[in-house]
Amino acid sequence: MSPQELAALAKRVATELGFDACGVTDASAVPHADALTWWLGSAYHGEMRYMASQAETRREPQNVWPRARSLVVVLDNYYIETDSTPAGYRVARYAQGKDYHAVIRGRLDQLGLVIAQAAGQGAWRSYVDAGPMPERELAQRAGLGWIAKNTMLIRPDLGSYTFIGCVLTDLELERDAPFEADRCGSCTRCLEACPTGAFPEPRVLDATRCISYLTIEARSDVPEALRPLIGDHLFGCDVCQEVCPWNVKFAAETLEPHYRPQGPWPSLGEILALDDRAFDRRFGDTALERARRSGLRRNALVVLENAGR
Ligand code: B12
Ligand code: SF4
Ligand code: SF4
């Protein structure tokens with residue numbers, strides 16, 4: 001099969017597998033890798049030490065797998081219209097269903113397999129948020145959207161409530177043109193709406209102030225000055241996406257049943273009382289597992305404190 005035919009096949013199969021968009025790029029170094037170096041130099045990564053230790057690898061997909069020639073990049077819409085969390089706290093939409101890593105990885109491997117079978121040769125590797133891949137920049141380069149002022153990858157007809165997945169292959173596939181336009185224009189809604197003022201400038205996020213970092217990635221206590229600003233966010237934050245006009249207009253309910261909310265939510269008091277086994281039973285197959293029981297308890301205490309309880 002020719003590179004054109006393989007790229008067309010990849011896009012058709014991606015749609016059949018339920019992905020919402022698919023593009024192809026090459027495996028060379030990403031052009032804005034210096035933005036990562038500067039970000040790390042500003043210590044905006046906080047306790048996410050893996051961001052510093054993997055920085056060199058993250059510049060270029062071939063550092064991850066030297067055989068890589070092409071990347072098939074996909075978007076998976078996880079938007080849910082109705083927030084299922086009870087009064088008293090909020091959980092980011094991406095975490096209300098099953099753990100997305102599990103939902104996406106198998107489909108990415110199927111995509112890699114179909115491409116290799118059609119070519120009669122070839123190997124592949126799949127990634128979704130679990131390796132040193134500059135995923136947003138690769139998606140932009142594969143023509144899937146622009147990197148917006150809130151640092152999210154936005155696709156015009158879909159918005160930004162999407163996961164990004166990549167299949168690296170050692171085959172040649174026809175590349176898409178990068179998405180060059182900046183559709184944010186003069187809008188600054190996300191920058192103004194951020195509860196903790198986490199954007200020192202457009203397209204730069206100081207993760208150490210971001211609620212998503214403070215409630216998911218950070219292992220230490222939330223700094224005292226930031227605690228009241230966390231409000232009722234128990235896990236993650238969607239504010240800079242909720243206010244975005246592209247989401248207001250284009251975000252549509254996901255068709256993937258695994259991204260729909262999983263069962264009833266415990267109250268904050270019940271969260272504080274969970275032991276390890278109970279935590280695993282309720283959250284073991286969701287993204288909340290990342291915060292661990294200790295992190296979720298810490299967050300619940302902050303939310304209760306903010307509610308004056
Ligand atoms: C570390 C990380 C975080 C950190 C830091 C976030 C950040 N903005 O850097 C924290 C914990 C805060 C976080 C939060 C969230 N995250 Co996160 N996170 C990541 C991770 C692992 C790495 C991101 C990274 O490299 N950051 C470092 C900074 C420097 O990178 P960057 O801002 O993306 O900048 C790069 C490019 O944008 C580019 N660039 C910079 N400026 C410009 C300008 C132009 C014009 C261009 C073309 C390029 C460009 O250069 C940089 C280097 O490549 C990725 C997965 C991955 N492997 O990529 C997921 C990822 C970015 N996260 C994701 C999600 C869903 C979230 C949350 C929405 C979760 C939530 N609801 O709580 C929030 C969103 C917060 C926000 N506004 O970003 C998705 C985003 C999907 C999308 N459509 O954009 C990803 C891609 C995971 C996935 N596979 O789906 N995250
Ligand atoms: S996720 Fe929330 S805290 Fe983080 S930058 Fe966006 S609005 Fe701010
Ligand atoms: S809210 Fe406005 S500035 Fe922010 S990402 Fe959306 S369009 Fe861009």
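Relative to the Cα centre, the charge distribution of the chain, modelled as +1 at Lys and Arg Cβ and -1 at Asp and Glu Cβ, gives a dipole magnitude of about 380 debye.
Helix-derived [θ] at 222 nm for the chain: sum -39500 (n - 2.57) over DSSP H runs of at least 4, divide by residue count, nearest 500?
Working: 14 runs with 111 residues, N = 309.
So the helix-based figure for the chain works out to -9500 deg cm²/dmol.
Comparing G165, G46, G236 in a Gaussian network model of the chain where C-alpha atoms under 10 Å apart are linked, the largest mean-square fluctuation is found at G46. Lys/Arg Cβ at +1, Asp/Glu Cβ at -1, dipole of the chain taken about the Cα centre: which of P257, N299, Y100 is farthest positive-ward? My answer, from the dipole projection, is N299. Here is the list for the range 52-158: trypsin sites (Lys or Arg not before Pro) lying in DSSP coil, each with at most 14 other C-beta atoms within 10 angstrom of its C-beta, are R67. Sparse packing (at most 12 other Cβ atoms within 10 Å of the Cβ) combined with a DSSP loop state is found for the following GluC sites (Glu not before Pro) in the range 122-197: E180. Annotation: amide H of H45 has no partner in the under-5 Å range at sequence separation 5 or more or interchain, hydrogens built in the peptide plane.
At most 15 other Cβ atoms within 10 Å and a DSSP loop assignment: could you name the GluC sites (Glu not before Pro) in the range 20-103 that fit? If you can, show how the numbers build up before the last one.
Numbers: sites: E47, E56, E81; in loops: E47, E81.
Hits after loop and neighbour filter: E47, E81.
Considering the options I216, T37, M152, tell which one lies farthest towards the positive end of the dipole of the chain, charges being +1 on Lys and Arg and -1 on Asp and Glu at the Cβ, about the Cα centre. The Cα lying farthest towards the positive end belongs to I216. Label positions at D157 and K249, each projected 7 Å from the Cα along the C-beta direction, are separated by 1.5 nm. Between the helical axis of 292-306 and the longest alpha-carbon principal axis of the chain there is an angle of about 50 degrees.
A simple spin-label model places pseudo-atoms 7 Å from Cα toward Cβ; at R12 and E192 they are separated by 4.8 nm. Rg over Rh for the chain works out to 0.97, both radii taken from alpha-carbon positions and Rh defined as the Kirkwood radius.
Only counting other Cβ atoms within 10 Å, I'd like C194, C210 sorted with the fewest neighbours first. Write down the numbers at each step before the final one.
Details: C194 20, C210 25.
If I rank by nearby Cβ atoms, fewest first, I get C194, C210.
Proximity of backbone amide H atoms, modeled 1.01 Å from N, is registered between H233 and R90 at under 5 Å, excluding neighbours fewer than 5 places apart on the same chain. The simple Förster model, with R0 at 25 Å and r as the Cβ-Cβ distance, assigns A123 and D285 a FRET efficiency of 0.30.
For the Cα atoms of the chain, what angle does the longest principal axis make with the long axis of helix 100-119, in degrees from 0 to 90, nearest 10? The helix 100-119 is inclined about 0 degrees to the chain. Computed from Cα positions, the angle between helix 3-16 and the longest principal axis of the chain comes to roughly 40 degrees. Residues of the range 172-192 with an amide N closer than 20 Å to a point placed 7 Å from the Cα of S2 along the Cα-to-Cβ direction: 172-177.
Each value in this text was obtained by applying a stated rule to the coordinates, not by laboratory testing. Everything quoted here is computed from the prediction, not taken from an experiment. Here the Cβ is made from the backbone with ideal geometry for all residues, glycine too, and neighbour counts use every protein chain on show.
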